Amino acid sequence: MADYDLIARMNSCFNELELALHDLGNFLNQLELLQARVFALPEIAKGEEHNPADKIQVTPFTGEAAQQLALQHFQRLFIHHNNENVSSKSAVRLPGVLCYAVDEAEHQSALLLIEEVNKLKAELENIVTVESGLAREQRFEFVHTHLRGLITLNAYRSVNFLNDPDSVRFGWANKHIIKNVTRDEVLAQLEKSLNAGRAVSPYTREQWMENINREMNDVKRLPEHAALKFKRPVKVQPIARVWYRNSQKQVQHPCPLPLIALCLRTPVMQVPKLGELQDYDASSVTHKYKPKSQPLSLLIKRLHLYTDYPL
């Protein structure tokens with residue numbers, strides 16, 4: 001279990017993060033808002049976290065209403081910030097962008113505040129996921145013992161900024177998280193879960209240990225040349241496509257939080273063009289090019305672990 005020094009640093013880091021988010025919100029509220037556009041997505045009810053998102057209805061907000069929703073969202077870190085019927089296992093997303101006119105001093109101050117927020121977010125995540133030395137199954141209890149009700153994904157997500165974009169348009173992305181791993185890495189992960197000595201519902205401790213031992217044996221039975229990879233599907237995500245005319249470059253950003261666009265105030269300053277996020281309908285999605293995937297066999301379902309060796 002994590003020591004008292006680590007717990008104290010985690011609490012101190014989180015308190016600093018709350019203050020930094022508050023300072024950032026106050027500062028942005030004082031800037032000249034050129035335009036703002038955010039898109040509220042349906043809240044996910046308890047028990048529906050794993051349901052496929054075949055359709056998503058978007059509710060757009062603009063101007064001052066969008067800004068206030070965005071500033072509140074940056075500080076939405078706890079379960080009690082949600083309605084009681086809303087799932088605490090799914091972080092609430094609010095894609096969009098806030099565009100501000102800034103002089104050089106305001107620009108520098110904004111960057112310093114955003115940098116401080118993101119530094120504290122990364123530090124908090126590192127304390128929980130790395131320094132604690134806890135297995136994934138143990139982290140929930142650790143965090144909620146000392147920061148009751150914290151939605152860690154909301155707390156870890158970075159605040160992203162844009163410098164003088166020419167346009168910001170929005171869309172949806174379907175993807176998988178794919179990570180190649182070695183047999184030793186998989187066995188080390190399973191060994192860590194085994195040593196944690198905890199059960200995962202609905203299993204008893206003995207049943208859970210038996211499952212992990214079975215998984216370890218399945219991995220050990222594979223030949224040396226067998227490839228292993230985690231291939232976990234990710235629910236459809238809102239994205240932003242940002243265009244910079246001077247460099248003729250488009251940059252794509254994941255957009256679970258509103259982006260902050262900083263536009264230097266000049267005599268010829270142009271306000272960025274903002275697009276709309278349309279409702280999502282899986283049945284209307286078309287792929288320009290979908291490469292043929294390598295045939296894989298599912299080895300451990302709960303980990304989304306696949307192998308190229310036929311099972």
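The values are calculated or read from the model by the stated rules, or taken from the named source; none is laboratory data. Worth saying up front: this structure is predicted, and the values here are computed from it rather than measured. As a convention, Cβ positions derive from the backbone with ideal geometry for all residues, glycine included, and neighbour counts pool all protein chains shown. To get the accessible areas, we keep the full protein, side chains included, count just its heavy atoms, and leave off ligands, DNA and RNA. Shrake-Rupley method; radii C 1.70, N 1.55, O 1.52, S 1.80 Å.
Would you grab the residues whose amide H sits under 5 Å from the one on ASP103? Only those 5+ places off in sequence or on another chain, please, with H modelled 1.01 Å from N.
Those lying under 5 Å, H to H, from ASP103 are ARG265.
For every other residue with a beta carbon closer than 12 angstrom to the beta carbon of LEU113, add +1 if it is Lys or Arg and -1 if Asp or Glu, then tell me the sum.
-3
Using Cα centres only, tell me the gap between segment 266-281 and segment 147-211 in whole Å.
Each part's Cα centre sits 32 Å from the other's.
Using amide H atoms built 1.01 Å from N in the peptide plane, name the residues 5+ places from VAL92, or on other chains, whose amide H lies under 5 Å from its own.
Placed amide hydrogens put nothing under 5 Å from VAL92.
Protein chains only, probe 1.4 Å: how do TYR280, TYR100 rank by accessible area, largest first?
TYR280, TYR100
Residues in segment 102-146, backbone N under 18 Å from the label point at LEU19 (7 Å along the Cα-to-beta-carbon vector): list them, ranges by number please.
Under 18 Å, as judged by backbone N against the label point of LEU19, lie 112-124 of segment 102-146.
Summing Lys, Arg as +1 and Asp, Glu as -1, what charge do residues with Cβ under 15 Å from the Cβ of ASP279 carry, ASP279 excluded?
-1
To the nearest 500 deg cm²/dmol, what mean residue ellipticity at 222 nm is calculated for the chain from DSSP H runs of n ≥ 4 alone, each contributing -39,500 (n - 2.57), summed and divided by the residues?
Taken over the chain, the calculation gives -11500 deg cm²/dmol.
Tally Lys/Arg at +1 and Asp/Glu at -1 over every other residue whose Cβ is under 11 Å from the Cβ of PRO165; what's the total?
Combined, the nearby Lys, Arg, Asp and Glu give +3.
List the chymotrypsin sites (Phe, Trp or Tyr not before Pro) within segment 1-37 that fall in a DSSP loop (any state other than H, G, I, E or B) and whose Cβ has at most 12 other Cβ atoms within 10 Å.
Listed in order of number, the matching sites amount to none.
If the chain between ILE178 and GLU32 were fully stretched, how many nm would it gain, using 0.36 nm times the residue separation less the Cα-Cα distance?
Length gained between ILE178 and GLU32: 48.4 nm.
Over the chain, with a Gaussian network built from C-alpha contacts below 10 Å, which listed residue (ARG265, ARG139, ARG245) shows the highest mean-square fluctuation?
It is ARG245.
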